[in-house]
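K.L.:
My questions all concern the structure below.
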Amino acid sequence: MLPPIRMYRHDSIMTNRPYGMDLDADGWMWEGCGRNRHNAHRLGSGEIRDLEIPEMDDGVVYQVFVWQDRLIMTLGESSHYLVYDPTTGRAQKMEIPGTRPIVWYGVKTGDDRVLLYDRAVSAVLALDAPDARPRAVPCPYVGQLASGWWSVGDGYVYSPLYEPARLIRFDPVRARFIDEIHAPFPEASLAGVYEHEGVLYLWDT
């Protein structure tokens, strides 16, 4: 017997699109909600926290990671990402190496590491701590590196590349790329993943 499912709409949360979210240990779901704004709602009660963050420089949060009592916020085509302290309300700009970085997405691993992707130079930005300077690890393979998925099975991070379609494996512990795995057909567009019993299932969009 399946448990009952209840869907609800929260009228205090209005956004043009659902940006990347993450859940903290106190039950707050943090989510981007517009320019210079970020909010959270508590899943158990529906309570809302609506924050204005001028350090976003009129940008939007593409993805947020709850990490070591901080929020790591990516801002897309920006020279920095943000480290936000929900307790003090302080936002710290963290400069990204390079002249015109594009950081939309990142990934949090099971061993408490955060990686961001600078697609402008096809590199992984390895974060050692929320307030530590990011370490850029250039991708040695041809293509534009923009995102990735952490695998429970082997602890590696898998990222799609195209023309031809491939998966790139990255070791987050050693902060190095391992190899590339070619897709069955070169024109595939690998855009999502589901992992079950040690097997990654990817779909072609």
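K.L.:
Name the residue, out of Gly27, Gly98, Gly44, whose mean-square fluctuation peaks in a Gaussian network model built on the chain with Cα pairs under 10 Å.
P.N.:
Highest fluctuation of the listed residues: Gly44.
K.L.:
Quick one: order Met94, Met73, Met7, Met29 by neighbouring beta-carbon count within 10 Å, fewest to most.
P.N.:
Numbers: Met94 19, Met73 28, Met7 4, Met29 16.
Going from least to most buried by this count: Met7, Met29, Met94, Met73.
K.L.:
What list of ³J(HN,Hα) values in whole Hz, one per residue of the stretch 119-125 in order, does the Karplus curve 6.51 cos²θ - 1.76 cosθ + 1.60 (θ = phi - 60°) give from phi, with Gly and Pro shown as x?
P.N.:
Karplus-based 3J(HN,Hα) across the stretch 119-125 equals 6, 5, 10, 6, 9, 8, 9 Hz.
K.L.:
For the chain, give the magnitude of the charge dipole about the Cα centre (Cβ charges: +1 Lys/Arg, -1 Asp/Glu; no others), in debye to the nearest 20.
P.N.:
Working: 20 positive and 29 negative charges, 38 e Å.
Here the chain has a charge dipole of around 180 debye.
K.L.:
Could you list Arg169, Arg9 so that the one with the fewest beta carbons within 10 Å of its beta carbon is first and the one with the most is last?
P.N.:
Numbers: Arg169 16, Arg9 5.
In order of increasing Cβ crowding within 10 Å: Arg9, Arg169.
K.L.:
Subtracting the Cα-Cα distance from 0.36 nm times the residue separation, let me have the gained length for Ile178 to Ala136 in nm, one decimal. Could you put the intermediate results ahead of the total?
P.N.:
Working: separation 42, 0.36 × 42 = 15.12 nm, distance 1.58 nm.
Going from the current span to full extension adds 13.5 nm.
K.L.:
So if I take the centroid of the Cα atoms in the stretch 45-61 and the same for the stretch 99-171, what is the distance between those two points in Å?
P.N.:
25
K.L.:
Right, something else. Please list the non-local residues whose amide H lies under 5 Å from the amide H of Ile178, H modeled 1.01 Å from N, same-chain partners needing a gap of 5 or more.
P.N.:
The answer is Arg169, Phe170, Asp171.
K.L.:
While we're looking at this one, here's another question. Around His80, which amide H atoms from residues at least 5 apart in sequence, or from another chain, sit under 5 Å from its own amide H, with H modelled in the peptide plane?
P.N.:
Residues meeting the criterion, in which the H sits 1.01 Å from N, are Ile96.
K.L.:
Taking the Cα centre of the stretch 1-85 as the origin and placing charges on Cβ (Lys, Arg +1; Asp, Glu -1), which of Gly44, Ile5, Gln68 is farthest toward the positive end of the dipole?
P.N.:
Going by the Cα projections, it comes out as Ile5.
K.L.:
Counting Lys +1, Arg +1, Asp -1, Glu -1, what net charge surrounds Gly110 among other residues with beta carbon under 15 Å of its beta carbon? Provide the component values of the computation, followed by the final result.
P.N.:
On the way: positive: Lys108, Arg113; negative: Asp22, Asp111, Asp112, Asp154, Asp171, Glu195.
For residues surrounding Gly110, the net value is -4.
K.L.:
Let me ask something else about it. Among 186-194, 64-72, what's the highest-first ranking by average C-beta atoms within 10 angstrom per residue?
P.N.:
Values: 186-194: 13.1, 64-72: 19.4.
Sorting 186-194, 64-72 by mean packing, highest first, produces 64-72, 186-194.
K.L.:
Still on this structure, please answer the following. Which whole-number percent gives the relative contact order of the chain, counting Cα pairs below 8 Å spaced six or more residues apart? Walk me through the intermediate numbers first.
P.N.:
Values: 462 pairs, mean separation 19.3, N = 205.
Over the chain, the number comes to 9 percent.
K.L.:
Is the shape of the stretch 50-113 rounded, prolate or oblate, going by the alpha carbon gyration tensor and its root eigenvalues a ≥ b ≥ c, with a/c under 1.5 for rounded and a/b larger than b/c for prolate? Provide the component values of the computation, followed by the final result.
P.N.:
Numbers: a/c = 1.80, a/b = 1.08, b/c = 1.66.
It comes out oblate by the Cα gyration axes.
K.L.:
Moving to a separate point now. Arrange the following residues from fewest to most other Cβ atoms within 10 Å of their Cβ: Val152, Val61, Val121.
P.N.:
Fewest-to-most ranking of Val152, Val61, Val121: Val152, Val121, Val61.
K.L.:
Under a Cβ-only charge scheme (Lys and Arg +1, Asp and Glu -1), can you give me the dipole magnitude of the stretch 117-205 about the Cα centre, in debye to the nearest 20? List each step's numbers first, then the result.
P.N.:
Values: 7 positive and 12 negative charges, 67 e Å.
It works out to roughly 320 debye.
K.L.:
Hand me the trypsin sites (Lys or Arg not before Pro) from the stretch 116-168 located in a DSSP loop with no more than 13 other Cβ atoms within 10 Å, in residue order please. Mind showing how you got there, number by number?
P.N.:
Details: sites: Arg119, Arg135, Arg166; in loops: Arg119.
Sites meeting the loop and neighbour criteria: none at all.
Coordinate-derived values only; no laboratory data. Not measured: the values here are computed from a predicted model. Methodologically, a virtual Cβ is constructed for each residue, glycine included, from the backbone with ideal geometry; neighbour enumeration extends over all protein chains shown.
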